[in-house]
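Take a look at the structure set out below.
Nothing in this text is a laboratory measurement; each read-out follows from the coordinates by a stated rule. Small disclaimer: the values here were computed from a predicted structure and weren't measured. Note that each Cβ is placed from the backbone with ideal geometry, even for glycine, and that neighbours are counted across all protein chains shown.
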Amino acid sequence: MTHPSKMHTNYDWRSRPQSAAAERRELLKIKVKALSMRITRSTGTGGCTLPWSGEATVIDCAPRKIVGWAMDDNYKTPLISRAIEMAARNLDLPEDAVFHSDRGSNYTSAELAKMLKKLGITQSVGRTGICYDNALSESVNGTLKNELVYRTAYITRKAAMNDIARWIELRYNKTRLHSTLGYRTPQEVLDEYLNGQQAA
């Protein structure tokens, strides 16, 4: 005899193959994968001025991986240049790579423009007074401060810099799950993209 639950065609919660949240995550994975394949591999930078140092980060926007970073006792153009140069070493930059930042004088300097031109990177700056243009970088810096810096008392600047470097490379890039990436790590998303490029 047919089980009552099989006799009607209406939606049956017991036969649901996966939760709505899991379904949304799967859809997001597809969207992120498509975005990774379509996107101009743009990078954005953010910096956070801490009481004891300056820190610049360069983020690959598709997988949200921090691909370049630098720290010093200031937040001047050479610090940003070092972070971008590190990113250029870590990434196989495409011809249409874009570097986006806010309009701070350290980003709009002739020195930085010259360095970006040398690397073949197009420079982009946000609109005046529009904080949303650099929201990804602000989010990353907020995460760094909330998850690490505000919870730790550092005795020396060197200890702080070492701890932040470990957080970037081991925590943020490789183990921290990102809801916008379908609860995967930036490294997982980047690896998937690169493997897809090799297979194509």
What's the lysine pair count for segment 40-199 at a Cα cut-off below 29 Å, pairs eight or more apart or interchain? 16
If you take every residue apart from R157 with its C-beta less than 10 Å away from the C-beta of R157, what net charge results, scoring Lys and Arg +1 and Asp and Glu -1? -1
Sorted from largest to smallest, which semi-axis lengths in Å does the alpha carbon gyration tensor of segment 40-199 give for its equivalent ellipsoid, taking the root of 5 times each eigenvalue? 23, 21, 14
Along Cα→Cβ, 7 Å out, is where each label goes; now give me the distance between the ones at R171 and R151 in nm to one decimal. 0.6
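Rounded to the nearest 5, what % of the DSSP beta bridges within segment 40-199 are antiparallel ones? Provide the component values of the computation, followed by the final result.
On the way: 16 of 22 bridges.
Just about 75 percent of them are antiparallel.
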Per the Kirkwood formula over distinct C-alpha pairs, the hydrodynamic radius of segment 51-129 in angstrom is 12.9
